[in-house]
Amino acid sequence: MKRFLESIAPWLLALALLLCLGLGFGMQHFKTKAQTVAIEFKQLQDSVATQNSIAKAELERLTAERNAAQARLDQLYQQQEKTDAQAVQEIARLTGEHKLRPVRVRIVSQPAASGAGGCRTAGEQAASADSGAADAAQAYGLLPAANSARFAGVIQEIETLNAAYASCRSQLLHP
């Protein structure tokens, strides 16, 4: 057995040496690979840092533009609110004036076109369409208080709608 061990010992030693060489080459290969990956990783980190700084500058620029646009919109809003408040005050003033004075109306008298009883004989002609125009006498009168109040309310509603329309129209035509 001693002889067997003596004959195998150089082979075992050669095998151990080959294994050590293989292990050394493997370690060198993995070390080179790790260094390459580390360099690529560093390049990626630098690239991401550069993109982040560019994105941050772009975000700051866009935020400043948005803030400026918002400030303009706020200013336009405040101006429009003042204009609308003035319109509401003017409408309230005019409504108060209309409530204090009676509403005068013109009454145009026209004779009935069909005559008495609404029946015509075969020989009668129909009254002309401008028969009231020949009567130059026109009367003036006052509306009853309830009608005057309702008329003033309708005028206020119309003026409010007109002011709202004018306000919206000016915003649409001048963006």
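No other residue among Thr36, Thr50, Thr63 is assigned to a helix (DSSP H, G or I) and closer than 30 Å to Leu172 by Cβ apart from Thr63. The residues listed here are Ala116, Ala87, Ala71; of these, the one that is of a type outside the set (Asp, Glu) and at pLDDT 95 or above is Ala71. Against the definition (under 30 Å from Gln171 (Cα atoms) and either at pLDDT 95 or above or under 44 Å from the mean Cα position of the chain (by Cα) (or both)), how does Gln45 come out, yes or no? No: the conditions fail for Gln45. Scan Leu94, Leu100 and give me the residue that is surrounded by 10 or more Cβ atoms within 10 Å (Cβ to Cβ) and out of contact with any Gly (no Cβ under 7 Å at 6 or more places or on another chain). Going through Leu94, Leu100 in turn, the sole match is Leu94.
Scanning region 153-167 for residues that are surrounded by fewer than 15 Cβ atoms within 10 Å (Cβ to Cβ) and over 10 Å from Asp84 (Cα atoms) returns Gly153, Val154, Glu157, Ile158, Leu161, Asn162, Tyr165.
The values are calculated or read from the model by the stated rules, or taken from the named source; none is laboratory data. Everything numeric here is computed off the predicted structure, so don't read it as measured data. Cβ sites come from the backbone with ideal geometry, for glycine too, and all protein chains shown count toward neighbours.
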